[in-house]
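S.K.: Mind looking over this structure? Questions follow.
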Amino acid sequence: MTQATSWNKLISKKRFETSDKKYSSDESVRGEFQRDYDRIVFSSAFRRLQNKTQVMPMPESDFVHTRLTHSLEASVVGRSLGRIVGKSILERHPELAREKNIQEADFGDIVAAACLAHDIGNPPFGHSGEDAISAYFESEEARPFLVSLTEAERTDLQRYEGNAAGFRVLTYTYPAHCNLPGGLSLTYTTLATFTKYPKESLPLVPGTKNTSEKKYGFFQTEKAWFNTIARELGLLQKGEDGTVWYYRHPLAFLVEAADDICYRIIDFEDGLKLGLVPQAEGLQLLRQILNDDPDRKSSLTFYDWREEIGYLRARIIGKLIEETAQVFLRHEKEILQGSYDKPLINELACKPVLDGIKELSIRLIYQNRPVLEIEAAGYEVLGGLLDAGIKAVFRPESKHYRKLAALIPPHYLQLPDTATAYERIIHITDFVTSLTDQAALSLYRKIKGIELPRMY
């Protein structure tokens, strides 16, 4: 590919909002991309991440990360990556500062905001929640409600994606009859940077080696909106025959890297502190990443092995940030041309050690028996809630389902008469995915009669 996109178009302060919305500009104080970050922090969807699973579902230990703390940490790493990269990009492309008043900090704020929101659409019970939703829509129970859907609409549901749900959270405005762009009214650049998989659910690309093709980034309900954003920013088009499919915004690679760094290192730290990973083996792997000189003497004294883990983690993340930023800058030209499409951390010198950490994490943390048991319960909970919610919408003649409908916040049910079956189903999935782990479990127990609500 010889065509390339340009930073001059990729970095835009234009906002995704209705044309009649007017906001007073306080850019001199905060900057447009800092405003994006702030809006995400104050959103209710972000706040709910404090009670959504990261690794250990519904953890009782205060050592363990939730989606909220993971997202905050990823945003810190992302800000550092963005600033390091931004400094060099501005040196290579000085017209950005001269013509558009783009600063080094803007790159950091864009990546930090996208990192902060990267899990905002995740359902309860972590990635197993996505699998549970997909499994329900592939079941015989759901089949009657999918008859009128297009193949792409069915694929959205049967391969359910938290990334697409996140893009919807950031761009969709209730009540439904508005049908106007809005959501959190973020900038086009932050929204594109958030979208690690800039394609619709079809076509499927089985066995692809391109990281941006492994999943999808928006539902059919939002694909026209993403198309508008992509064209405005000059993203290179990949799809044919009318499909909405683009090469990534370059800064999306930094969002992916920040997430990779945090979950590889910090999830592993959680496993060590919970006693799931043997202390000696875990510490040895962490030390290997740093590759210190064996004769290196530390001036620090650790009174507890947990203190040493914290020290190692801080040094490791700093090292990975520096090295990852250099990988990005080394491949800037290919990234702008769309010919580079793999995780940046795959090129780090310490990748074999990171792979060892990943293998150990899968075996000892992610497949730990309590984790698997609660994830299995999550299948029942989310499947049960979806089934009840969808029947409440499509079978209003039933007194039982009318009572269930009364338990769903009304804005998820208030659609115009012209709304399609797909739109009605998406609204119910919006409701279910918005729930925290505990809220989903509590509601499921109540509608199944396992637990009665208190009357006072």
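Residue-by-condition table, conditions (1) aromatic (Phe, Trp, Tyr); (2) open to solvent by 10 Å² or more (accessible area, probe 1.4 Å); (3) within 26 Å of Gly378 (Cα to Cα):
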| residue | (1), (2), (3) |
| --- | --- |
| Leu68 | no, yes, yes |
| Ser88 | no, yes, no |
| Pro94 | no, yes, no |
| Val111 | no, no, no |
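S.K.: Taking into account only those residues within the stretch 121-145 that are farther than 22 Å from Val371 by Cβ and open to solvent by 10 Å² or more (accessible area, probe 1.4 Å), which is nearest to the chain's Cα centre (by Cα)?
M.R.: Among those that are farther than 22 Å from Val371 by Cβ and open to solvent by 10 Å² or more (accessible area, probe 1.4 Å), it is Glu138.
S.K.: Next question, about the same structure. Give the stretch 169-193 a look and list any residue that's open to solvent by 10 Å² or more (accessible area, probe 1.4 Å) and at pLDDT 95 or above, or say none.
M.R.: Matches in the stretch 169-193: Val169, Tyr188.
S.K.: May I pose another question? If Glu232 passes every condition in (1) out of contact with any Asp or Glu (no Cβ under 6 Å at 6 or more places or on another chain); (2) crowded, with 17+ Cβ neighbours inside 10 Å; (3) at pLDDT 95 or above but one, which one does it miss?
M.R.: The failed condition is (2).
S.K.: Across the stretch 363-379, which residue is modelled with the highest pLDDT among those that are hydrophobic (A, V, I, L, M, F, W, C) and over 22 Å from Ile133 (Cβ atoms)? Give the derivation first.
M.R.: Kept after step one, since they are hydrophobic (A, V, I, L, M, F, W, C), are these residues of the stretch 363-379: 364-365, 371-372, 374, 376-377.
Next, from what is left, pick out any that are over 22 Å from Ile133 (Cβ atoms): 364-365.
Working: Leu364: 91, Ile365: 86.
Looking at residues that are hydrophobic (A, V, I, L, M, F, W, C) and over 22 Å from Ile133 (Cβ atoms), I get Leu364.
S.K.: Spot the failing condition for Lys238; the list is (1) closer than 30 Å to Ile110 by Cα; (2) of a type in the set (Lys, Arg); (3) open to solvent by 60 Å² or more (accessible area, probe 1.4 Å), and only one is missed.
M.R.: Among (1) closer than 30 Å to Ile110 by Cα; (2) of a type in the set (Lys, Arg); (3) open to solvent by 60 Å² or more (accessible area, probe 1.4 Å), Lys238 violates only (3).
S.K.: Tell me, yes or no, whether the stretch 288-300 has at least one residue that is open to solvent by less than 20 Å² (accessible area, probe 1.4 Å), touching a residue at least 24 places away in the same chain (Cβ under 8 Å) and closer than 30 Å to Ala4 by Cβ.
M.R.: no
S.K.: Residues that are open to solvent by less than 60 Å² (accessible area, probe 1.4 Å) and more than 28 Å from Ala165 (Cβ to Cβ): does the stretch 359-376 have at least one?
M.R.: Looking for residues that are open to solvent by less than 60 Å² (accessible area, probe 1.4 Å) and more than 28 Å from Ala165 (Cβ to Cβ), one finds at least one in the stretch 359-376, hence yes.
S.K.: Then there is this: Condition (residue is touching a residue at least 12 places away in the same chain (Cβ under 8 Å), more than 30 Å from His249 (Cβ to Cβ) and either open to solvent by less than 60 Å² (accessible area, probe 1.4 Å) or over 23 Å from the mean Cα position of the chain (by Cα) (or both)) applied to the stretch 330-347: is it met by at least one residue?
M.R.: The answer is no, given that none of the residues of the stretch 330-347 is touching a residue at least 12 places away in the same chain (Cβ under 8 Å), more than 30 Å from His249 (Cβ to Cβ) and either open to solvent by less than 60 Å² (accessible area, probe 1.4 Å) or over 23 Å from the mean Cα position of the chain (by Cα) (or both).
The values are calculated or read from the model by the stated rules, or taken from the named source; none is laboratory data. Here the structure is a predicted model, which means the values were calculated and not measured. Here Cβ is always computed from backbone atoms with ideal geometry, including for glycine, and neighbour counts include all displayed protein chains. Just so you know, the surface numbers come from the protein's heavy atoms only, side chains and all, with ligands and any DNA or RNA stripped out. Shrake-Rupley method; radii C 1.70, N 1.55, O 1.52, S 1.80 Å.
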